Amino acid sequence: MLDRIKEVIDEVTVATVGSKDDLENFRLRYISRKGILNDLFEQFKTVANDQKRAVGQELNKLKTFTEQRFKDFSEELENATDDSAGSKLDLTLPVAPNFAGSVHPLTLTRQRVLEVFARMGFSHEDGPEVETDWYNFTALNFAENHPAREMQDTFFVEKKAAQKDDVLLRTHTSNVQVRLMERKKPPIRSIMIGRVYRNEAISARAHCQFHQIEGLYVDKNVSFKDLKDTLYHFAKEMFGKDTKIRLRPSYFPFTEPSAEIDVSCFICGGKGCNICKHSGWVEIAGSGMVDPNVLQNSGIDPEEYTGFAFGMGVERITMLRYGINDLRLFFENDVRFLRQFEGA
Ligand code: DAH
């Protein structure tokens with residue numbers, strides 16, 4: 001019997017365990033009810049009395065040793081990082097937060113602008129981003145070789161024999177004005193929103209792609225006062241009821257007269273801060289009365305109809321609304337940025 005015990009001790013000494021299955025097999029073979037240890041204890045009952053003491057001691061040693069080995073193997077497996085051991089799974093941990101997507105800040109602005117103008121009776125229209133020179137420039141009263149064409153660094157897709165047929169990426173949403181007037185007869189009251197492209201170096205303040213909101217109102221007797229009232233109402237809805245607007249004379253080929261629209265700074269209330277560069281005012285739009293040439297080019301009689309138009313940058317308005325200081329953030333889709341607009 002002592003020999004058998006020695007044999008088992010040797011066996012247990014060299015045993016190895018690499019997985020949970022191995023561990024279970026070890027347990028079954030040695031420690032379980034039907035295991036070797038139990039057998040040996042059964043046999044122990046038949047050992048002659050004078051040997052009981054010696055054999056009993058060895059048997060107890062084997063038992064302690066085997067149980068210690070089993071404990072060591074269990075701990076080793078527990079600590080192994082290997083997934084197959086399945087030991088690192090803590091089912092009591094709180095569930096990792098599951099973030100739902102959020103509406104992009106540019107979309108938030110777009111939705112709000114459309115909503116405000118919809119209540120004033122403006123429809124929502126769309127137009128192509130790949131455009132001909134005619135709709136982007138010529139029909140809008142940009143004279144051939146007019147320096148204003150250079151102001152908007154254009155991405156050309158295809159140069160044609162005649163300049164007005166050149167294909168390009170639209171540099172503003174004003175192209176849709178002409179397409180709309182060709183298609184519809186006045187009264188026309190529409191908002192056009194979309195992506196535009198300019199060949200600009202990318203920085204915190206400029207990008208080669210951005211979004212514009214275009215507005216057009218053409219009917220009999222539309223006046224400059226209508227333009228002012230409409231934009232004043234818009235500014236109050238968008239930036240708060242105490243907002244004031246200011247018009248500064250400007251120039252655009254497609255409007256005459258033209259004006260730049262400023263709103264009183266809604267951050268400092270006009271007292272002066274970083275956003276308004278201490279002037280109390282921030283510029284938000286270009287605007288003016290539609291030039292008679294543009295109406296003519298679009299098939300609308302300028303003797304019968306007048307209109308106003310305006311254009312503004314979606315990024316610019318969004319930056320002002322949310323105090324964002326870098327244009328590039330809109331296009332990087334960094335979730336740390338986007339998540340800040342959850343529930344906005
Ligand atoms: N298209 C002009 C731009 O991109 C913005 C603009 C100014 C649009 C005056 C208009 C307008 O409709 O009347 O700079």
Practice item. For segment 152-243, state which trypsin sites (Lys or Arg not before Pro) are in a DSSP loop and have at most 12 other beta carbons lying within 10 Å of their beta carbon. Key: K159, K160, K220, K241
Review point. Among all helices in the chain defined by DSSP H, which have a length of 15 Å or more along the axis from Cα atoms plus a Kyte-Doolittle mean of at least -1.0?
Key: 2-14, 105-118, 224-239
Exercise for review: Would you kindly state the longest site-free stretch of the chain, with sites defined as chymotrypsin sites (Phe, Trp or Tyr not before Pro) in a DSSP loop (not H, G, I, E, B) surrounded by at most 14 other Cβ atoms within 10 Å?
Suggested key: 156-344
Point to revise | For the chain, cysteines whose Cβ has no other cysteine Cβ within reach (under 4.7 Å) | key: C208
Point to revise | Taking N as its residue count, the alpha carbon Rg of segment 24-108 over 2.2 N^0.38 Å | key: 2.17
Point to revise | At R0 = 45 Å, FRET efficiency that the Cβ-Cβ distance of S123 and V95 yields, to 0.05 | key: 0.45
Check your understanding: Going through segment 260-313, which GluC sites (Glu not before Pro) have at most 16 other Cβ atoms within 10 Å and a DSSP loop state?
Key -> E303, E304
**Study point:** the chain: relative contact order in percent, alpha carbon pairs under 8 Å with at least 6 residues between
**Key:** 15
Practice item. State to the nearest 20 debye the size of the charge dipole of segment 2-87 about its Cα centre, where the only charges are +1 on K and R beta carbons and -1 on D and E beta carbons. Key: 620
**Study point:** Environment charge of G280, counting only residues whose C-beta is closer than 14 Å and scoring Lys/Arg +1, Asp/Glu -1
**Key:** +2
Study note, to complete from the structure: Projected area averaged over all directions for the convex hull of the alpha carbon atoms of segment 158-299, nm², comes out at 10.3
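Readers should treat all values here as calculations from the given coordinates under stated rules, not as data from a laboratory. Source: prediction; values computed, not measured. Please note: Cβ atoms are built from the backbone with ideal geometry, for glycine as well, and neighbour counts cover all protein chains shown.
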